[in-house]
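The values are calculated or read from the model by the stated rules, or taken from the named source; none is laboratory data. What you see is a predicted model, and the numbers here were worked out from it, not measured in a lab. Quick reminder, even Gly has a Cβ in these numbers, built from the backbone with ideal geometry, and neighbours come from all protein chains shown.
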Amino acid sequence: MNISRIEHRPILMNDFSAESSELKDEMFRAVQKVVGSKCWILGQSVREFEAAWAAKCGVSYAVGVGNGMDAIELSLRALNIGPGDEVITTSVTAFATIAAILRTGATPVVADIEAETGCMSLMSAERCLSAATKALVLVHLYGRLNRTDEWVRFCERSGIYLIEDCAQAHGAIYDGRSAGSFGVVGAFSFYPTKNLGTVGDAGIVTTNDSRLAEQITVLRNYGQKSQYVHSDLGINSRLDELQASILSVRLRWLDAWNTRRKAILEFFYEYIDNKNLRLLSKPIDADMHVCHLFVVLTEDRDGLQNHLYSKSNIASLVHYPKAVHQQPVCEGIKIDPAGLPCAERHVEKCLSIPCHPNLSDDELERIVTSLNDYEL
Ligand SMILES: *Cc1c(COP(=O)(O)O)cnc(C)c1O
């Protein structure tokens, strides 16, 4: 056997092919059941997964939608947020967060981040408040529920809606409560690479408010209130039966995957030791961070990425290479009047290293060894 080839097997950011055959067989059976059924859109599989996801998050309702971006947009629209309203959110996030706000016609106002977590800064959000502020979209970045109780109080005090962008935080728990249960709504994506993902696009909105759940149910289906009666101008953003049935299967693995991700996070904090690298602050409680992404910061990010790849065949990605206000389409966007210096520094230095639950212990050691060997 050729040892060096084994040592240099690629370590990927995500590796679905490494999932167990037991899981794959269950997914195939779920697909077969849908294909053989009488209903392919908005049927039993969607209702079952909605109920299961609401229970998992500890909320009364969950409404399946087409993807995570629509989950945010439809939440805002169900809250009657649109032109003339301002929505505060963070400057370091997936672009979908901003696109969803823009699509409602509302004005996003972009806050800076905390250098130590990468998550939105409360002090900056405070500076973004105005008489027009209606809501705040709180992104649980990298899988971390950060200062969630403080954000809930901040939104209550300010008289604005709290919308959680939970696309990176499936199953994260803070103070005994799940991501998606703190805000008036929680928006989730099940894009394949998320902690709970499917084999295509899917999303869901969680809420305890029956009126909002009903309104989102109407809006996801062209604004159809009863058959062929359109009370609102909605969109087509339905969760389909195939994705829902696969999600019900994969949901049974989620806790085990998150347990593995949390162990990987612990391992990295224990063994990464290189003065040229900075880590984000370690979460005080293990369950509040489900390690969707593990980020290291360095002065020469491209150099580190190249070192990992060319010496050890380890993939990495940048989340995100630009802050929101640096995107061409966001020219002139409203930002914290004090500027966004922490976000601008973060996006130049951050690098996400593999932390998916199918990594073996040997692969984890290879990652740490390569990181510790890195010289500026
Ligand atoms: C993935 C992601 C989204 C968008 O989800 P899609 O299903 O791709 O539309 C939104 N916000 C954050 C923070 C994400 O990571």
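Residue under question is residue 328, and the condition is that it be under 30 Å from residue 102 (Cα atoms) and within 16 Å of the ligand (Cβ to nearest atom); does it hold? In short, no. From the list 260, 252, 211, the one residue that fits, being at pLDDT 95 or above, surrounded by 15 or more Cβ atoms within 10 Å (Cβ to Cβ) and basic (Lys, Arg), is 260. Scanning region 82-113 for residues that are away from the ligand (no atom under 12 Å from the Cβ) and either surrounded by fewer than 20 Cβ atoms within 10 Å (Cβ to Cβ) or over 27 Å from residue 349 (Cα atoms) (or both) turns up 82, 83, 84, 85, 86, 87, 102, 104, 105, 106, 107.
Looking only at residues that are β-branched (Val, Ile, Thr) and in a helix (DSSP H, G or I) in region 93-108, which one is nearest to residue 80 (Cα to Cα)? Per the criteria, the residue is 101.
Scan region 114-137 for residues that are crowded, with 20+ Cβ neighbours inside 10 Å and among the hydrophobic types (A, V, I, L, M, F, W, C) and the total you get is 7. I need the full set of residues from region 232-250 which are of a type in the set (A, V, I, L, M, F, W, C), outside any helix (DSSP H, G or I) and either closer than 11 Å to residue 65 by Cα or within 22 Å of the chain's Cα centre (by Cα) (or both), in order please. 235, 239, listed by residue number. Does at least one position in region 313-321 carry a residue that is at pLDDT 95 or above, farther than 20 Å from residue 93 by Cα and surrounded by fewer than 18 Cβ atoms within 10 Å (Cβ to Cβ)? Yes; the residues of region 313-321 include at least one that is at pLDDT 95 or above, farther than 20 Å from residue 93 by Cα and surrounded by fewer than 18 Cβ atoms within 10 Å (Cβ to Cβ). Within this structure, residue 170 fails the test of being within 16 Å of the ligand (Cβ to nearest atom) and either among the polar types (S, T, N, Q) or free of Cβ contacts under 8 Å to residues at least 40 places away in the same chain (or both). Taking region 183-209 as the range and being in a strand (DSSP E or B) and within 13 Å of the ligand (Cβ to nearest atom) as the test, the residues that pass are 186, 187, 188, 189, 203, 204, 205.
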